[in-house]
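Asker: The structure under discussion is supplied below as structure tokens; questions concerning it will follow.
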């Protein structure tokens with residue numbers, strides 16, 4: 001196992017951070033690593049907003065849960081899918097930017113590839129990280145804080161900082177549940193993989209001192225109701241087309 005893979009395997013979501021800021025030179029170093037990620041046809045349809053204003057960070061932390069780690073971490077970023085620069089470019093050249101579903105999907109994928117490289121770079125420098133999906137709890141209010149123009153779509157937040165905890169790694173599905181050769185497995189095989197993972201997940205929760213439950217228990221609760229039903233209308237209000 002080389003150092004890169006070792007760093008990947010060492011990933012933990014960190015929720016408690018020491019009171020230390022992340023130096024700008026480390027942010028720029030990680031940013032350049034993020035930009036080295038694959039991007040569809042050099043489109044590069046992503047941006048990262050570094051939120052340094054204390055009032056904005058606290059307001060976003062409150063909207064996310066509240067999640068005080070957003071306020072307490074060494075650096076907080078809002079990762080955005082970004083078609084704005086392409087819209088500006090087209091307008092400047094008197095051309096039409098056709099922002100249908102493909103353009104929106106490319107921006108979401110590009111932003112996520114960038115974010116994972118960005119995160120991995122920070123972790124290789126010894127920082128802890130935590131993605132904040134709670135940013136999507138109330139995107140209109142987030143947008144009121146950030147004043148994002150049309151074509152910029154906040155996707156999630158990212159906390160970075162010096163870890164103040166060392167949590168146990170959350171186990172993942174077995175490799176054979178993910179990697180399939182030529183054809184997708186039948187439903188019986190899928191359920192066997194889930195049941196095997198449920199046992200591993202129960203042991204993990206028990207080791208953390210949490211009530212033991214299977215992974216499927218958590219997923220059934222998570223997806224039996226529609227979460228964040230206003231997402232589509234918000235993204236459409238920002239200029240996304242999903243046709």
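Every number here is computed from the coordinates shown, using simple stated rules; none is lab data. The structure presented is a predicted model; accordingly, all values stated were derived computationally and were not measured. So basically every Cβ, Gly included, is an ideal-geometry build from the backbone, and we count neighbours across all protein chains shown.
Asker: Over region 121-243, what number does the Rg to Rh ratio reach, with both radii from the alpha-carbon atoms and Rh per Kirkwood?
Answerer: Rounded to two decimals, Rg over Rh is 1.05.
Asker: While we're on this one: Under Stokes-Einstein, with the Kirkwood radius over Cα pairs standing in for Rh, what whole-number D in µm²/s applies to region 72-164 at 25 °C and 0.890 mPa s?
Answerer: 168
Asker: Then there's this: Along the Cα-to-Cβ line of residue 243, 7 Å from the Cα, sits a label point; which residues in region 103-124 have backbone N less than 16 Å from it?
Answerer: Backbone N within reach: 103-104.
Asker: Using square roots of five times the C-alpha gyration tensor eigenvalues, list the equivalent-ellipsoid semi-axes of region 168-225 in whole Å, biggest first.
Answerer: Equivalent ellipsoid semi-axes, largest first: 23, 14, 9 Å.
Asker: Starting with the fewest neighbours, write out 32, 225 ranked by other beta-carbon atoms found within 10 Å of each beta-carbon.
Answerer: 225, 32
Asker: Provide the FRET efficiency to the nearest 0.05 for the residue 199-residue 162 pair, computing r from the beta carbons and using R0 = 41 Å.
Answerer: The calculated FRET efficiency here is 0.70.
Asker: What is the distance in Å between the Cα centres of region 194-208 and region 110-152?
Answerer: Taking the Cα centre of each part, region 194-208 and region 110-152 sit 29 Å apart.
Asker: Semi-axes of the equivalent ellipsoid of the chain: what are they in whole Å, largest first, if each equals the square root of 5 times a C-alpha gyration tensor eigenvalue?
Answerer: Calculated on Cα positions only, the semi-axes equal 31, 24, 20 Å.
Asker: Give me 108, 14 sorted ascending by neighbouring Cβ count inside 10 Å, so fewest comes first.
Answerer: Fewest-to-most ranking of 108, 14: 108, 14.
Asker: Another question, then. If you average the C-alpha positions of region 64-104 and of region 12-60 separately, how far apart do those two centres end up, in angstrom?
Answerer: 13
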